[in-house]
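Only one structure is covered here, and it is reproduced in the block below.
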Protein chains: 2
Amino acid sequence: MNRIITIGREFGSGGREFGRRLSEELGFAYYDQEIISEIARRTSLSEQYVRAIEEHLPMFSFPIHIGRSFYSSVNPTFDQTMIVYQEQARIIAEMAEKSDCVIVGRCADFVLKAYQPFRIFVYADMESKIRRCREKGPEEEKLGDKELKQQILAVDKKRARYYEYYTGHFWGDKLNFDLCINTTRMVVKEIVPAIAKLF
Amino acid sequence: MNRIITIGREFGSGGREFGRRLSEELGFAYYDQEIISEIARRTSLSEQYVRAIEEHLPMFSFPIHIGRSFYSSVNPTFDQTMIVYQEQARIIAEMAEKSDCVIVGRCADFVLKAYQPFRIFVYADMESKIRRCREKGPEEEKLGDKELKQQILAVDKKRARYYEYYTGHFWGDKLNFDLCINTTRMVVKEIVPAIAKLF
């Protein structure tokens, strides 16, 4: 069976960087953005649209005449979100079948349960997440600490809801992971070689 | 400054074994039982007594005549528990000053805050903790799963209360640790060399 590593991560914790570096260190395939491209290809939805609805919960758009039209087929948003989730789960399983790999986000730890993935969660305290977000790019630089904090909380709230909706577990609960790494006082690239030794 | 590693652990998770093996791998001093012996030596209390009151909260033994005798000096149990905690904190700080070391339990992560210790928490699911307890010794072998589970829950409840009383933090909250290791699917001695590479 292939070795699968899944990475859950708080926004701004450096989890994505950690996943990418770990895959390079191990010579494993790395899947993140690639999953979106593949969903877009298979569903004929645009990548931008897939990204927008990818980590959202299905939304019911209740029809006005409930008696006549309360079917999922008249809820296009609900349908598409479910299609994206199901397609995503299928793609993740195919990737796990193909080779050793690192998969970031997308409930991969839950979707791939049968493959017994090594489940890592990356997190940090708010101060260091703000610092990391600011270092990331020019867009974030323009935001103040308060705005960045709000953005971080909003993204993580969405991730938590999404994870809890599809898995029934609390997002970030350490019992659902094999290793939880707090990057507050760590430099991501310095810890990767040690963690890679676990595999 | 010396390198300090503190280990918090759930009962039956293999945290103590992990700490001991990590100290051996790194050539660091290891403190666990040694702390009890040192407290006993300094306070003239027996080791057995120190062990019995070591991880308990101070208990008030309310006097009958509150108006006349409500002073801590008439509460010998409270006094001794506080003395043991304070002596323990002093000894832990001395150990941290002496050399690189691994310290198991005893709120060392909190006591040694100023030394910026690397804080590890070791945990596991209930099933694997029961299995580990059973493998540990002949005494536990006699207990059924239900009794072992009760014992594990009781010990951890005591640890949680103790930790929360002295530190004001929730015991096992991942934000208070740099690394949380779930030993449910791991063999402790196999992961030690990789984790040691972090130092």
Problem - Output for region A:146-177, where each listed residue is more than 27 Å from A:Lys136 (Cβ to Cβ) and among the hydroxyl-bearing types (Ser, Thr, Tyr) - result: A:Tyr165, A:Tyr166, A:Thr167
Exercise for the section: Taking the residues in region B:1-54 that are open to solvent by 70 Å² or more (accessible area, probe 1.4 Å) and modelled with pLDDT of 90 or more as candidates, determine which candidate is farthest from the chain's Cα centre (by Cα). Expected result: B:Glu25
Exercise for the section: With respect to B:Val104, determine if the residue is out of contact with any strand residue (DSSP E or B) (no Cβ under 8 Å at 6 or more places or on another chain) and either open to solvent by less than 70 Å² (accessible area, probe 1.4 Å) or within 14 Å of chain A (Cβ to nearest Cβ) (or both). Expected result: no
Fill in the blank from the handout: Reported set for region B:160-189 where residues are open to solvent by 60 Å² or more (accessible area, probe 1.4 Å), of a type in the set (D, E, K, R) and in contact (Cβ under 8 Å) with a residue 60 or more places away in the chain is B:Arg161, B:Lys189
Exercise for the section: Name the residue, out of B:Glu164, B:Glu190, B:Glu127, that is of a type in the set (Asp, Glu), within 14 Å of another protein chain (Cβ to nearest Cβ) and more than 25 Å from A:Lys189 (Cα to Cα). Expected result: B:Glu127
Exercise for the section: Give region B:176-187 a look and list any residue that's within 7 Å of another protein chain (Cβ to nearest Cβ) and within 18 Å of the chain's Cα centre (by Cα), or say none. Expected result: B:Phe177, B:Asp178, B:Leu179, B:Cys180, B:Ile181, B:Asn182
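The values are calculated or read from the model by the stated rules, or taken from the named source; none is laboratory data. Bear in mind the structure is a predicted one, so any value in this text is a computation, not a measurement. Heads up, the Cβs are rebuilt from the backbone with ideal geometry, glycines too, and the neighbour counts pull from every protein chain shown. Side chains are part of the model used for accessible areas, which takes the heavy atoms of the whole protein and leaves out ligands, DNA and RNA. Shrake-Rupley method; radii C 1.70, N 1.55, O 1.52, S 1.80 Å.
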